[in-house]
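*Asks:* I have a structure I would like to understand better, so I am pasting it below and will then ask my questions one at a time.
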Amino acid sequence: MHSIGVDIGGTKIAAGVVDEEGRIVASTRRVTPATDQDLIQSAVVDAVHELREDHEVAAVGIGAAGFVGADRRTIVFAANLAWRDAAIADDIEGRIDLPVVVENDANAAGWAEFRFGAAQDASDMLMLTVGTGLGGALVLDGRLVRGSGGFAGEVAHMNLVPEGQWCGCGRRGCLEQYTSGTALVRAARARAVSSEPLYAPLLKRAGGDASAIDGPMVTHAAQEGDEGALALLAELGHWLGYGAASLSAVLDPEIFVVGGGVSSAGDLLLDPARTAYASELVARGHRPLARFAVARTGNGAGMIGAADLARQDA
């Protein structure tokens, strides 16, 4: 039986009909009215109604950018959306007459990778989504780990560097501040205007305007052999591997799946991560090394994972 997955982000709502093999057979989009909770939910309902016109579905899964309660029906808090302790599953169920499950968007994407992507042959996985920020999703013994309050897997705010870079959460030295697309761009712009000749080609690529440097520009430059861009990705990869080693001390995953926009750099990012992970791993030489792999399910991961989780509960 098909189900619908809805991926709600800060700017767009993507909804799709997903089959039992994780394939998106139909999809639609809406603009996210981010400042109005009722309008967000109405946009979701409208998208579901559109998809149901041509497809029979059993349930709806919603992946949302925010903290989802352990009941998987309530969004406790969303930094970039209007939800505060919002019982969105109750509201949407009453308007579409289908069961609704709510999941954190990173968890939904991670579940897609576990079921249908890079980790489908593993039983223990940690997904790291390296985009604007850093997302995390944890699967142990084949089960998505949510924690007592639904907050498990939020690896972004693990303290990595005491008294380090300020983070948007109000603390300093969080992993996200060294392993995200934002961190990559911040470092690239700062070094482009420094006196280091290694980064002069990157500034030239940006037309002499450091503020024009973005993540894709750094990745493309690195893929073309620019040594400064390669160094920037290697540094980010180093911190990613360093953090992965610390996480392994507690979680011991079989595989780290790396997604998000920065993952398009592939082994230019993952090779430095593998090296740092292996050098920092507790009991290295006496335990298996986790694999590092790029996510495979692409931009549809949130829809695919949310739909599959809803199907399991239907």
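The values are calculated or read from the model by the stated rules, or taken from the named source; none is laboratory data. Note that the structure is a prediction, hence the values are computed from the model and not measured. Note that we place each Cβ from the backbone using ideal geometry, even for glycine, and neighbour counts take in every protein chain shown. Just so you know, the surface numbers come from the protein's heavy atoms only, side chains and all, with ligands and any DNA or RNA stripped out. Shrake-Rupley method; radii C 1.70, N 1.55, O 1.52, S 1.80 Å.
*Asks:* Among 290-298, 133-141, 101-109, what's the highest-first ranking by average C-beta atoms within 10 angstrom per residue?
*Replies:* The most tightly packed comes first, giving 101-109, 133-141, 290-298.
*Asks:* Would you compute, from DSSP H runs of 4+ residues alone, the mean residue ellipticity of the chain at 222 nm, taking -39500 (n - 2.57) per run and dividing by the full residue count, rounded to the nearest 500?
*Replies:* -11500 deg cm²/dmol
*Asks:* Roughly speaking, to the nearest percent, how much of the chain's 1.4 Å accessible area is carbon and sulfur?
*Replies:* 50 percent
*Asks:* For the range 139-153, take each phi angle, set θ = phi - 60°, evaluate the Karplus expression 6.51 cos²θ - 1.76 cosθ + 1.60, and give the result in whole Hz per residue in order, putting x for glycine and proline.
*Replies:* For the range 139-153, the Karplus-derived couplings read 10, 10, 6, x, 10, 5, 8, 10, x, 5, x, x, 9, 5, x Hz, x marking Gly and Pro.
*Asks:* Another question, then. For a quick check: with amide H placed at 1.01 Å from N, whose amide H comes under 5 Å from residue 165's, ignoring anything fewer than 5 positions away on the same chain?
*Replies:* 173
*Asks:* What residues qualify as long-range amide H neighbours of residue 259, i.e. H under 5 Å apart, gap of 5 or more or another chain, H built at 1.01 Å from N?
*Replies:* Here the answer is 128, 129, 130, 295, since their amide H atoms fall under 5 Å of that of residue 259.
*Asks:* Restricted to Cα positions, what overall size does the range 1-94 have along the principal axes? Three whole-Å values, descending.
*Replies:* Rounded to whole Å, the extents work out to 33, 27, 23 Å.
*Asks:* Under the Karplus relation 6.51 cos²θ - 1.76 cosθ + 1.60, θ = phi - 60°, what is the ordered set of whole-Hz ³J(HN,Hα) values for the range 102-117, x standing for Gly and Pro?
*Replies:* Rounded to whole hertz, the list is 10, 9, 4, 5, 5, 4, 4, 5, x, 5, 4, 5, 5, 7, 10, x.
*Asks:* Out of [x] 21.0; [y] 22.7; [z] 20.1, which label holds the value of Kirkwood radius over Cα pairs in Å that was computed here?
*Replies:* [z]
*Asks:* With θ taken as phi - 60° and the coefficients 6.51, -1.76 and 1.60, list the Karplus ³J(HN,Hα) couplings across the range 227-235 in order, rounded to whole Hz; mark glycine and proline as x.
*Replies:* With the stated coefficients, the range 227-235 comes to 5, x, 5, 4, 5, 5, 5, 5, 5 Hz.
*Asks:* Specify whether the C-alpha gyration tensor of the range 263-314 places it in the rounded, prolate or oblate class, a ≥ b ≥ c being the square roots of the eigenvalues: rounded for a/c under 1.5, otherwise prolate if a/b is larger than b/c and oblate if not.
*Replies:* Since a/c reaches 1.5 but b/c is at least a/b, the shape of the range 263-314 is classed as oblate.
*Asks:* Which residue, 68, 18, 31, has the most motion in a Gaussian network model of the chain that connects Cα atoms within less than 10 Å?
*Replies:* Checking each option, the largest mean-square fluctuation is seen for 31.
*Asks:* Right, next: How far, in degrees from 0 to 90, does helix 301-313 lean away from the longest principal axis of the Cα atoms of the chain, to the nearest 10?
*Replies:* 40 degrees
*Asks:* If you take the C-alpha gyration tensor of the range 106-235, multiply each eigenvalue by 5 and take the square root, what semi-axes do you get, largest first, in whole Å?
*Replies:* 33, 18, 10
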